[in-house]
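S.K.: Sharing a structure below in structure tokens format, with a few things to ask.
Please treat every number below as a calculation from the coordinates, not as lab data. Just so it is clear, the structure is predicted and the values come from calculations on it, not from any experiment. We place every Cβ from the backbone using ideal geometry, glycine too, and count neighbours over all the protein chains shown.
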Amino acid sequence: MKRTIDNERLASIKELLLAIAEGDLNYQIQRTNEEDELETLVVSLNWLTQDLKEAFHFFSSINTRGSLDEYLHIGFVLNEEFNIISINKGALIELGISKKNVMGKSFSSLLDNDSQKDWQKIAKAINEQPDFEGTQKFLFASNTRLKKMFHFDIKTIPASITGHQIIMIDCIQPISKRNFIRSKIKLRRIQELTDGKLPKAKPKVLLSHKDVKMVQDVRDFILQNLDKPLPSIQELARTHCTNDFKLKQAFSQFYNNSIFRFYTEERVKKAAIYLKHTRISIEEVAKLSGFNNPTHFSTAFKKHFSVSPTLYRKLYNSKLK
């Protein structure tokens with residue numbers, strides 16, 4: 001006779017497999033303290049959904065004719081007390097919540113227990129640093145062990161600018177369509193067999209605790225200095241007590257991205273927040289996001305979001321509609 005916890009985990013595994021089959025890769029199964037084969041399967045499936053999600057993002061990025069329908073936007077705006085004062089349709093649909101039931105409530109009330117702890121740390125940082133900005137993955141509360149997870153950009157606008165502090169929490173990512181994952185994976189296999197143009201996956205090595213801390217420190221440094229030119233790899237390596245080869249290899253393996261591409265993507269995502277929530281001119285948005293050349297900014301933004309900054313603002317900034 002199976003224990004209750006085993007039945008719950010089995011039910012969650014079935015739900016996750018169905019979600020994967022439908023192309024919905026935003027779910028994760030909540031971990032337990034069990035150390036058995038079932039828990040090993042849970043860990044493997046959680047990793048699988050993340051790997052598929054990254055693969056999907058890869059194919060979306062090379063699809064230059066992709067439509068805006070392939071992107072999901074989840075957005076919250078909080079007041080200085082961290083209560084929700086605005087929520088977009090994407091969040092309501094994806095989380096299955098009603099606007100009247102969440103407006104005015106604490107953002108943390110939507111989160112799973114572990115993510116509430118992460119949010120408490122961020123809230124403390126925001127109180128200590130009025131112009132805080134960063135990123136964080138959040139799991140949302142549900143009645144089952146299967147929970148939805150999204151990676152958010154968090155940005156505060158100080159009271160000195162708007163009269164009262166505003167916290168913006170945004171997630172923009174490709175959205176899965178039925179059979180989209182299946183067809184893209186099949187396409188990749190065909191391409192690998194026929195033309196060999198796609199790069200072969202490099203074997204991964206186990207990173208030490210020191211290596212992990214080093215790449216996280218580099219990532220934090222980049223996020224805190226998006227409005228400044230990116231130092232050379234050699235300079236970044238020297239200031240973080242490593243060499244350029246190890247830095248590039250460890251960063252690429254840990255974040256599945258190059259340092260320069262990560263830096264550029266984070267700058268345009270920062271710009272997207274300004275475009276959605278302010279009336280600041282596009283030239284000023286470019287400067288605030290670390291781009292000295294508006295043309296370079298427009299090119300980088302369009303490459304990442306498939307639309308120009310001007311069109312993006314028209315589509316997503318409700319204040320201008």
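S.K.: What is the local net charge at residue 31, summed over the other residues whose Cβ is closer than 13 Å to its Cβ (Lys, Arg +1; Asp, Glu -1)? Present the calculation step by step, with values, prior to reporting the outcome.
M.R.: On the way: positive: 9, 145, 147; negative: 8, 34, 35, 36, 39, 112, 114.
Computed value for this residue: -4.
S.K.: To continue, here is another question. Using modelled backbone amide H atoms (1.01 Å from N, in-plane), which distant-in-sequence or interchain residues come within less than 5 Å of residue 86's amide H?
M.R.: Those qualifying (amide H under 5 Å, at least 5 residues apart or on another chain) are 77.
S.K.: On to the next question. Among 265-273, 279-287, what's the highest-first ranking by average C-beta atoms within 10 angstrom per residue?
M.R.: Numbers: 265-273: 21.6, 279-287: 16.0.
Sorting 265-273, 279-287 by mean packing, highest first, produces 265-273, 279-287.
S.K.: Right, something else. Taking a 18 Å limit on the Cα-Cα distance, which of the listed pairs 155/269; 89/287; 287/314 fall beyond it? Present the calculation step by step, with values, prior to reporting the outcome.
M.R.: Working: 155/269 11 Å; 89/287 30 Å; 287/314 20 Å.
Violating the 18 Å Cα-Cα cut-off are 89/287; 287/314.
S.K.: Relative contact order, percent, of the range 69-174 when contacts are C-alpha pairs under 8 Å separated by at least 6 residues?
M.R.: Working: 185 pairs, mean separation 33.3, N = 106.
Relative contact order comes out at 31 percent.
S.K.: Enter the mean projected area of the convex hull around the alpha-carbon atoms of the range 203-320, in nm², rounded to one decimal. Can you show the working numbers first?
M.R.: Details: hull surface 32.1 nm².
Answer in nm², one decimal: 8.0.
S.K.: I would also like to ask the following. If I stretch the segment between residue 279 and residue 255 completely, what's the gain in nm (0.36 nm per residue apart, minus their alpha carbon distance), one decimal?
M.R.: Numbers: separation 24, 0.36 × 24 = 8.64 nm, distance 3.28 nm.
Gain on stretching residue 279 to residue 255: 5.4 nm.
S.K.: Based on Cα positions only, what radius of gyration and what Dmax would you give for the range 69-174, in angstroms?
M.R.: My reading of the Cα-based Rg and Dmax gives 13.4, 42 Å.
S.K.: Need the full-extension length gain, residue 143 to residue 245, defined as separation in residues times 0.36 nm minus the C-alpha distance. One decimal, nm.
M.R.: Computed gain between residue 143 and residue 245 is 32.1 nm.
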